[in-house]
Each structure stands twice: as C-alpha cells, then as structure tokens.
Amino acid sequence: MDGTEDTEDVGGVEGGEAKGRKEKKKRSFWVELPILIGVALVLTIIIQSFIARVFVIPSESMEQTLHGCYGCNGDRILVDRVVYYFRDPEPGDVVVFKRPDTWDQDGPGNRSENPVVAWLQDFGSQFGLAQPSNEDVVKRVIAVGGQTVECCDAQERVLVNGKPLDEPYIYRTYPDETQRRFAKITVPDGMLWVMGDNRNNSDDSRLQGGGGSNGFVPVDHVIGKARYIILPPSRWRGIGDHNPQEALSAPAWQVGLPAGVGIALAWPTLWLSRGAGRRVRAALSRGSAKRAG
C-alpha cells in the first residue's frame with residue numbers, strides 16, 4: 001500500500017511539472033513574438049537605411065530601361081546604397097536621388113512630417129499600399145564635376161567635353177524626334193548632370209528650375225545606384241550602367257572594331273606571354289643548376 005501510494009504521488013508530481021513546462025513554453029512564445037517582430041523591423045530599417053532599398057518607378061522618364069507611369073505601380077527596383085560609400089557616381093550610372101531644392105516641386109509633398117509615419121509610407125509604397133514619394137527621383141548620370149555638357153551635334157548626340165556620347169539606351173516615341181537643345185555648361189565639382197532615357201519625356205537637368213545651373217544634382221543627394229528590377233516577375237533583370245563616355249577615350253581604330261575581335265586578338269597575346277614565361281622559368285632553372293654544379 002505504501003509503495004503504491006508513493007508511486008502515485010511521484011507520477012502526479014511529474015505530470016504537474018510537465019504540464020507546467022508546456023504552459024511555460026506557450027507563454028514564452030507569446031512573449032518572444034513581439035521581440036522577434038521588433039528585431040525584424042529594426043533590421044529592415046537598418047538594411048533600408050544603409051545597405052539596400054526598394055523604390056517604385058513613378059513616371060515614364062526612364063522608358064524603356066525602367067517602366068513607370070503617374071498614378072500606377074511601375075517597376076520596383078533594388079537600389080544599392082553601399083557602392084557610393086566608396087566612390088562617387090559615374091557616367092552611365094542609373095541613380096536614385098532626393099529632389100534638389102533648385103528643382104521644381106512635383107506638387108505638394110505626399111509624405112508625413114512625422115519621420116516614423118513617413119518611413120511607413122515609404123515601406124508601404126514598395127507593396128502598392130502607398131504612393132511613391134515625389135521627392136525621390138531616378139535618372140541616368142550623363143556628366144560629372146569638371147565636365148562640360150551640351151546638346152547637340154549634327155547627329156543629335158549629346159556632347160561631353162566636346163565629344164559625342166554613345167547612348168544606346170535612349171528611347172524615342174518617334175524615331176525622327178530631335179533632342180531638346182541646351183547651352184553648353186560646365187558641371188561644378190560635387191555636382192551631377194542627369195537625364196532620362198526617355199529623352200524627350202523627362203524633366204531633368206535640362207529643364208528643372210529653368211535649366212542651367214539649377215538643373216545640377218548634388219552628389220550628396222544621391223541615395224544609391226539602381227541595380228535590379230525585382231517586380232513584376234516578368235521584368236526581372238539587371239539595370240545596365242553602360243558608360244556613354246567610354247568611346248571618348250578609346251582610339252578611333254578600336255571603336256570601329258566588330259564585337260569579338262578583341263577576344264580573337266587576345267589569344268595570340270596570351271599564347272606569347274605563356275611562352276615567354278616558360279622560357280624565363282627554363283633560363284632561371286639552368287642558372288640555378290650551373291650554380292649548384
């Protein structure tokens with residue numbers, strides 16, 4: 001009798017402890033859930049503030065590189081915020097930047113003055129729950145500080161430092177459209193001259209604030225470099241950063257070479273360099289053998 005009673009008492013105690021542990025686990029989950037949500041939000045804020053961020057294309061100014069339109073959900077792009085910690089924007093980069101004070105304001109601001117609410121609006125715009133900010137602009141860098149830019153030559157090409165640009169990304173609604181002319185101007189250090197790929201449907205450095213020096217974009221206003229289109233899925237792709245000035249520094253004979261010729265010419269150079277390397281190594285080996293003898 002005594003043994004049986006002891007066994008029952010022990011079993012009852014163990015059962016109670018197991019039940020208590022289960023209740024404790026349930027309680028700990030609900031306690032940890034808000035913490036996990038808080039950590040996720042903090043990480044999201046840190047990533048979007050310093051590493052990468054998603055932006056919505058609000059207009060047609062970058063067609064057909066980027067799709068967008070006023071009042072609709074355009075392409076969503078991933079913007080690299082790290083790259084410009086180490087260098088300044090370069091010609092050909094597609095950049096997102098804060099609208100300079102000298103630029104025309106695109107209607108009343110559509111973001112709350114409360115920074116927390118404004119961040120939530122920016123976050124919601126990535127999923128179509130809020131309108132994209134009209135303070136964030138996306139364009140392509142055409143010229144940087146110290147360079148002179150103007151339009152155009154007889155072939156409708158923009159000139160930088162007096163030389164025509166190679167711009168395969170330009171989109172024209174009508175093939176025979178001419179580009180808007182603007183006077184020669186030198187970009188100051190710390191500034192950028194930006195233009196849209198949809199060249200005649202883009203309010204950019206040529207027009208903003210009346211054009212001229214008011215059209216410059218301070219480098220400090222650049223948020224990041226557009227890297228990839230992530231939505232919609234049918235548009236998944238990288239965003240090109242073809243440097244329109246690359247042809248300026250290339251010799252004339254090299255510019256005219258067909259694609260693939262450079263690779264063909266590289267093979268003999270590689271073969272000769274390997275052969276020379278073998279001969280040098282063999283000579284060094286013979287010298288070492290003679291010294292050892």
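Would you mind computing, in nm to one decimal, how far apart the modelled labels at ASN114 and VAL39 are, each placed 7 Å from Cα along Cα→Cβ?
With each label placed 7 Å out from Cα toward Cβ, I get 2.8 nm.
Per residue of region 167-174, in order, report the coupling 6.51 cos²θ - 1.76 cosθ + 1.60 (Karplus, θ = phi - 60°) as ³J(HN,Hα) in whole Hz, putting x for Gly and Pro.
10, x, 7, 4, 10, 10, 4, 10
What does the highest-first list of 57-66, 233-242, 160-169, 28-37 look like by mean Cβ count within 10 Å?
For the peptides 57-66, 233-242, 160-169, 28-37, the packing ranking is 57-66, 160-169, 233-242, 28-37.
Read-outs throughout are calculated quantities, based only on the coordinates presented, and are distinct from any laboratory measurement. All of these numbers come straight from a predicted model, not from anything done at the bench. So basically every Cβ, Gly included, is an ideal-geometry build from the backbone, and we count neighbours across all protein chains shown.
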